[in-house]
Structure formats: structure tokens, C-alpha cells
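Just below is one structure, and these are the notes that go with it.
The values are calculated or read from the model by the stated rules, or taken from the named source; none is laboratory data. Source: prediction; values computed, not measured. Here the Cβ positions follow ideal geometry from the backbone for every residue, glycine too, while neighbour counts run over all protein chains shown. Note: accessible area is taken over every heavy atom of the protein model, side chains too, but ligands, DNA and RNA are not part of it. Shrake-Rupley method; radii C 1.70, N 1.55, O 1.52, S 1.80 Å.
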Amino acid sequence: MNFFVVICLCIGFLFFLGGTVGIIRMPDFYTRLHPAGKLDTLGLFAMVSGLAVYNLHHFSFGTLLLSIKMMLIVFFVFHSIPTATHAIVDAGMRAGLSPLTRKKPSQLQGTGEK
């Protein structure tokens, strides 16, 4: 059981780390929201699942209820993070923030850029 808990916590850490790197490396506002929304949700799921299983190590009715409450938190976060990300994107669009566009190679000729 402890092996499963450690694996879940490490997987959750890797998802959070990937989300952090994605937020730092992405070029604009809209692409930064993708790792923020996806990887944080998966990281939270893995970590809280590991903690819920670890909590059941000494099984009783109280620990079972606590583990169910932890999984309910994950359930509600799974519904709230995509909604919040959509609201942030909508606010960016309403504020006039345009997505990053790349120049076509034909537009780069004569500008000295490559």
C-alpha cells in the first residue's frame, strides 16, 4: 500500500512540475492556461488519491469518511478548474487580448528575421 501511495505522490509531483514548466515556457496568455488547467487537475487527483489510500492504512469508519471527503474535493475541483479556465479565457477575449499568431515564411522575407 505504501508503494502505491509513493507512486501516486510522485506522479502528482511530476504533473505539478510539468504544469509549472508549461506555464513558464508557453509564449502567450492563452497557451499558458492549458497546462495550468490540465496538469494541475491531474496532479491534484494523483496526490489526493494517494493521500486517501494512505489514510485508509488504519481502517475505520472515520478514516473511510475522511477518504470519501478527499475524493469529493477532487470531484468538485474537476468541475471547477475547467470552468474557471473558461472564464479566464472569456475575460481575456473580452479585454481584447489577442492570441499569439506566427508570421508565415512569405511575410518574413526582406525583414531579416528567420
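Would you confirm whether or not segment 9-21 contains a residue that is open to solvent by less than 40 Å² (accessible area, probe 1.4 Å) and either aliphatic (A, V, I, L, M) or assigned to a loop (DSSP other than H, G, I, E, B) (or both)? There is no residue in segment 9-21 that is open to solvent by less than 40 Å² (accessible area, probe 1.4 Å) and either aliphatic (A, V, I, L, M) or assigned to a loop (DSSP other than H, G, I, E, B) (or both).
Matching residues to (1) touching a Gly at 6+ places or on another chain (Cβ under 7 Å); (2) polar (S, T, N, Q); (3) in contact (Cβ under 8 Å) with a residue 40 or more places away in the chain:
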| position | (1), (2), (3) |
| --- | --- |
| LEU39 | yes, no, no |
| LEU72 | no, no, no |
| HIS79 | no, no, no |
| THR85 | yes, yes, yes |
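The set of residues in segment 63-96 that are surrounded by fewer than 12 Cβ atoms within 10 Å (Cβ to Cβ) and of a type in the set (S, T, N, Q) comprises SER80, THR83.
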